[in-house]
1. Being closer than 19 Å to Ala229 by Cα, among the aliphatic types (A, V, I, L, M), more than 16 Å from the ligand (Cβ to nearest atom) and part of a helix (DSSP H, G or I) is the requirement here; does Leu85 meet it?
2. Here is a check on your reading of the model: is Ala58 of a type outside the set (Val, Ile, Thr) and free of Cβ contacts under 8 Å to residues at least 24 places away in the same chain?
3. Any idea how many residues of the stretch 332-364 are more than 16 Å from the ligand (Cβ to nearest atom) and of a type in the set (Lys, Arg)?
4. Going by the structure shown, is Thr391 surrounded by 15 or more Cβ atoms within 10 Å (Cβ to Cβ), away from the ligand (no atom under 16 Å from the Cβ) and under 22 Å from the mean Cα position of the chain (by Cα)?
5. For Ile329, work out the one condition from (1) surrounded by fewer than 17 Cβ atoms within 10 Å (Cβ to Cβ); (2) in a helix (DSSP H, G or I); (3) within 13 Å of the ligand (Cβ to nearest atom) it doesn't fulfil.
6. If I filter the stretch 188-202 for residues that are surrounded by 19 or more Cβ atoms within 10 Å (Cβ to Cβ), more than 24 Å from Lys281 (Cβ to Cβ) and among the polar types (S, T, N, Q), do I get at least one hit?
7. Hey, which of the helices (runs of 4 or more DSSP H) in the stretch 206-320, taking only ones fully inside, have at least 2 residues that are touching a residue at least 40 places away in the same chain (Cβ under 8 Å), within 30 Å of Phe180 (Cβ to Cβ) and not aliphatic (A, V, I, L, M)?
Amino acid sequence: MPTADFVVTTLRRVLMPQLWQGRASKAVDSRVNDFNSSIRFDARMIEQDIQGSLVHSAMLGRQGIISAQDVEDIHKGLHSILDDLHSGALEIDPAAEDVHTFVEQTLTARVGDAGKRLHTGRSRNDQVALDLRLNLREASAHLQGQIKELIETICDQAEKSADYVMPGYTHLQRAQPVTFGHQLMAYAWMLLRDLGRMQDATARMNAECPLGSGALAGTTYPLDRFYTAKELGFDAPCANSIDGVSDRDFCIELGAAIATCMMHLSRLSEEIILWCSWEFKFIELDDAFTTGSSIMPQKKNPDVTELIRGKTGRVYGDLNTLLVMMKGIPLAYDKDMQEDKEAIFDAVDTLELCLRTVTPMLATMTPLPANMRRAAAKGFINATDCADYLTKKGMPFRDAYKCTGTMVAACIAADKTLEELTLEEFKQYSDLFEEDVYKAIDLTTCCEGRTSYGGPTKASVLKQIELVKEKLANQ
Ligand code: ARG
């Protein structure tokens, strides 16, 4: 993850002077400083903050706004901060107001006056809008890589189970036969859409660079915003400085893509929880991905999947936080917007954690095809095929439906399955029944006969895997 591996948990007294010295007659109350400070959660953007400052200062030099010597000093100082960050020698001051303040003040302490010139023609408002985009761009790329791995894992499992017949469900009632591979591949398609949503969100995040918007109204300095935008990997600078500092759509879009992905993982989790229960026993999870009970010696619990289901609600909360935070604030920047980071970082971290765990769990899961087949044999999931058999022999479908329904009711009363009826018994319901009915309602026939495009057959599952892999390769 593109995060600095430190967590600042406690806030200490003010160590650094505020940036706005001059206007105020006293230092900020330490309680206000603690309340105001965002360093404990925005310090993870330090690399992006430095990246932005390197480009901003280079541009100031190119435009003759600061001297070449200042640019050199600033770059040397910023690189030394980066080096210390990477070696672990950098101490983040938990009392700094935010990461932007911390970097500027650390730089000034190291290189003197040149450091004080870094912020020329810039505000923390355009700076934070930039840093967050740069940070989330990397986070999104990382999540996309993890989603791809999960999709590939699903494809591998689906390939092995492409012909395991199991009951497909509607209303959690056995409905029609499908293959386990087909059921699994449904999740591959969902995740492929998640990937697309994240790519769309990232493309818009990278379209317009807010740097150079200033506090809200641009600046009188002759900035080259096209240069900074290009250097920082954006298509162009944003064309409206007010929008530049007050837009957080990119957080909301990524948050929505993450929440949707969590929803998919949660549904998969719910199915896994059902499948590994004694009631279903369609799969066995690897012991390394389950937990036990402190009192019940027999227990093997699917905690991982339950946690994913639980954490989904929390990620919805993050998205809701962002939406509600933005809905009533006037243009341009308002401090409310500082709340964006904890919400979107929590969403990113939560999905990261879930994907990190669910993929190996799925890779090591063992499907139990005999149990799936046993379940498929019960529950009259071949009833539609029985009705279709009569329809193909000339009976109108609605009549065939009713006739089969009557047979199912009689079978339930006699504790039998349709295929256990003798041909004479079949014929009591319709003369159209012949010896070939047994083949027609055989589970494998029922499943493999569903040859319509996108159906549950082995061939269709293999085709889906091919299509999904093709799409992944073209990304
Ligand atoms: N820490 C602030 C944030 O995350 C940075 C921008 C502060 N701007 C200001 N005018 N106070 O939003």
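1. no
2. Answer is no for this residue.
3. 1
4. For Thr391, the condition - surrounded by 15 or more Cβ atoms within 10 Å (Cβ to Cβ), away from the ligand (no atom under 16 Å from the Cβ) and under 22 Å from the mean Cα position of the chain (by Cα) - is not met.
5. (2)
6. yes
7. Of the helices (runs of 4 or more DSSP H) lying wholly inside the stretch 206-320, those with at least 2 residues that are touching a residue at least 40 places away in the same chain (Cβ under 8 Å), within 30 Å of Phe180 (Cβ to Cβ) and not aliphatic (A, V, I, L, M) span 249-275.
Conditions tested, residue by residue: (1) crowded, with 16+ Cβ neighbours inside 10 Å; (2) within 25 Å of Leu362 (Cα to Cα); (3) out of contact with any Cys (no Cβ under 8 Å at 6 or more places or on another chain).
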residue: Ser266; (1), (2), (3): yes, yes, yes
residue: Glu284; (1), (2), (3): yes, yes, no
residue: Phe289; (1), (2), (3): yes, yes, yes
residue: Asn301; (1), (2), (3): no, yes, yes
residue: Gly310; (1), (2), (3): no, yes, yes
residue: Met337; (1), (2), (3): yes, no, yes
residue: Lys341; (1), (2), (3): yes, no, yes
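We did not get these values from a lab; they are worked out from the coordinates using the rules stated. Computed from a prediction, not measured in an experiment: that's the story for all the values here. Glycine also receives a Cβ, built like all others from the backbone with ideal geometry; neighbour counts cover every protein chain displayed.
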